[in-house]
Amino acid sequence: MTPPSPWWSPGRHSDRRGLLLARNRIKASIRAWFERQGFVEIEAGCLQVSPGNETHLHAFRTERIGTDLARDTLYLHTSPEFACKKLLAAGEERIFTFAPVFRNRERGAMHAPEFTMLEWYRAGEPYERLWDDCAALLDIAASETGRNVWQWRGTDCHVTADYRSTTLVEAFSRFCDLAIDQSIRADASVDREALAALASARGCRVAPDDDWSDIFSKVLTDRIEPRLGVDRPEILHQYPEHEAALARPHREVQGVAERFELYVCGVELANGFGELTDAAAQRRRFEAQMDERQRRYGERYPIDEEFLAALASMPQASGCALGFDRLVMLATGAQRIDDVIWTPIAR
């Protein structure tokens with residue numbers, strides 16, 4: 001089999017150029033939309049003390065060498081979230097960024113080790129406000145490409161139609177007849193055996209060493225996600241607190257958090273929160289995540305103490321992270337994420 005030409009070969013670049021120019025148009029229009037909304041664009045540094053503290057996100061590690069030749073470890077961030085929240089603590093109220101982010105062990109049609117995250121925050125506003133922001137961004141991308149119906153792997157979505165909102169409990173019930181709330185206790189802790197029994201009864205494979213989160217993720221990925229965002233965009237919300245390490249508890253519904261995800265054509269495009277500002281609770285969640293990371297992967301990432309300190313003065317806020325390259329892929333009809341990245345890393 002002849003290997004594909006490198007991205008910089010004239011023929012391949014010519015094939016991709018129309019997609020890349022569409023990327024530029026979408027980016028410029030989104031930037032203008034945020035500025036009209038009173039947002040300030042910021043640039044978050046990529047080198048950080050901690051890359052993030054989620055169990056299954058894998059970072060790129062590097063080393064800083066001082067003029068005195070002293071050495072310490074730094075990481076390329078997996079998200080600009082910590083930096084953005086520090087700016088909220090500093091007094092910024094509406095910010096956005098197109099941030100290069102880095103995630104190891106990720107490669108595929110919709111995954112790249114380096115990609116662009118569009119992230120934005122609104123101080124003092126409910127997280128449901130971000131749902132309308134997401135709809136506006138879909139409208140912009142559709143307008144710039146002239147494509148209102150997007151497709152991915154046999155699924156169509158009319159992206160300019162009003163979005164549908166669905167809770168996790170509703171989605172698990174509708175798509176696999178599984179009452180996931182029966183595995184969540186009143187104190188928001190989870191019952192692994194209850195979920196294992198429910199999932200097994202629905203024909204879902206459960207391994208002996210799967211914990212609650214593993215089972216939850218398998219059912220969500222295999223049975224539910226492919227059916228979200230069909231015909232119209234869909235907001236999946238009210239995630240269990242157990243699956244929302246950076247989100248605050250829901251202000252009205254017990255046991256769930258203010259977390260949502262945006263789906264189009266079965267593809268997750270955005271992940272948003274009503275942000276947790278309780279530093280002690282955040283520390284406990286980070287430590288639990290890193291304990292689990294140590295158990296699974298034999299390593300842990302440091303906790304950014306400055307970030308936890310900043311939470312003490314951070315206002316109530318809501319924030320969202322959207323995979324910009326995925327948005328461009330779906331908007332243009334591209335088949336691989338590399339086709340909409342100007343200089344993709346060699347495979």
| field | Note, ³J(HN,Hα) from phi for the stretch 157-165, Karplus 6.51, -1.76, 1.60, rounded to Hz, x at Gly and Pro | value | 9, 7, 6, 8, 6, 4, 6, 9, 10
| query | Going by average Cβ neighbours within 10 Å, how do the peptides 328-334, 212-218 rank, with the highest at the top? | reply | 328-334, 212-218
| note | Computed over the stretch 143-282, the relative contact order (Cα-Cα under 8 Å, seq sep at least six) in percent reads 25
| Computed [θ] at 222 nm, helices only, for the chain once each DSSP H run of length n ≥ 4 contributes -39500 (n - 2.57) | -10500 deg cm²/dmol
| message | So, R0 is 30 Å and r is the distance between the beta-carbons of Ala32 and Glu125; what FRET efficiency does that work out to, to 0.05? | response | 0.90
| request: Would you please give the FRET efficiency between Glu306 and Arg336, computed as 1/(1 + (r/R0)^6) with r the Cβ-Cβ distance and R0 = 45 Å, to the nearest 0.05? | output: 0.75
| Please state the relative contact order of the chain as a whole percent: Cα pairs under 8 Å, 6+ residues apart? | 22
| task | Work from the charge dipole of the chain (Cβ charges, +1 for Lys and Arg, -1 for Asp and Glu, about the Cα centre) and give the residue of Leu130, Gly146, Leu69 farthest towards its positive end. | result | Gly146
| query | Could you put Asp209, Asp132, Asp191 in order, starting from the residue whose Cβ has the fewest other Cβ atoms within 10 Å? | reply | Asp209, Asp132, Asp191
| note | With 0.36 nm assigned to each residue of separation and the Cα-Cα distance removed, Gln316 to His158 gains 53.5 nm
| Local net charge near Ser29, Cβ-Cβ under 15 Å (Lys/Arg +1, Asp/Glu -1) | +1
| Mind listing the phi-derived Karplus ³J(HN,Hα) values for the stretch 117-126, rounded to whole Hz, using 6.51, -1.76 and 1.60 with θ = phi - 60°, and x for any glycine or proline? | 9, 8, 10, 8, 9, 10, 6, x, 10, x
| request: Using packing as a proxy for protection, rank 225-231, 162-168 so that the peptide with the highest average count of other Cβ atoms within 10 Å comes first. | output: 225-231, 162-168
| task | Could you give the size of the charge dipole of the chain about its Cα centre, using +1 on the Cβ of each K and R and -1 on the Cβ of each D and E, expressed in debye and rounded to the nearest 20? | result | 1060
| query | Counting Lys and Arg as +1 and Asp and Glu as -1, each charge on the Cβ, what is the dipole of the stretch 177-224 about the Cα centre in debye, to the nearest 20? | reply | 180
| query | Which whole-number percent gives the relative contact order of the stretch 1-99, counting Cα pairs below 8 Å spaced six or more residues apart? | reply | 28
| Ala247 long-range amide H proximity, modeled H, under 5 Å | Leu276
| said: At 7 Å along Cα-to-Cβ for each site, give me the label-to-label distance between Arg295 and Asp191 in nm. | reply: 2.0
| query | Which far-off residues, 5 or more places away or on another chain, put their amide H under 5 Å from the one on Val40, with H placed in the peptide plane? | reply | Arg94, Ile95, Phe96
| Ala346: net charge of surrounding residues, Cβ under 13 Å, Lys/Arg +1, Asp/Glu -1, itself excluded? | +1
| Chain lengthening between Gln151 and Ser200 when straightened (0.36 nm per residue, less Cα-Cα) | 14.4 nm
| task | Take peptides 38-48, 84-94 and line them up by average Cβ neighbours within 10 Å, highest first, as a rough protection proxy. | result | 84-94, 38-48
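Throughout, read-outs are computed from the coordinates displayed, never taken from laboratory work. Values in this document were obtained by computation on a predicted structure and should not be read as measured data. Virtual Cβ from ideal backbone geometry, glycine too; neighbours counted across all protein chains shown.
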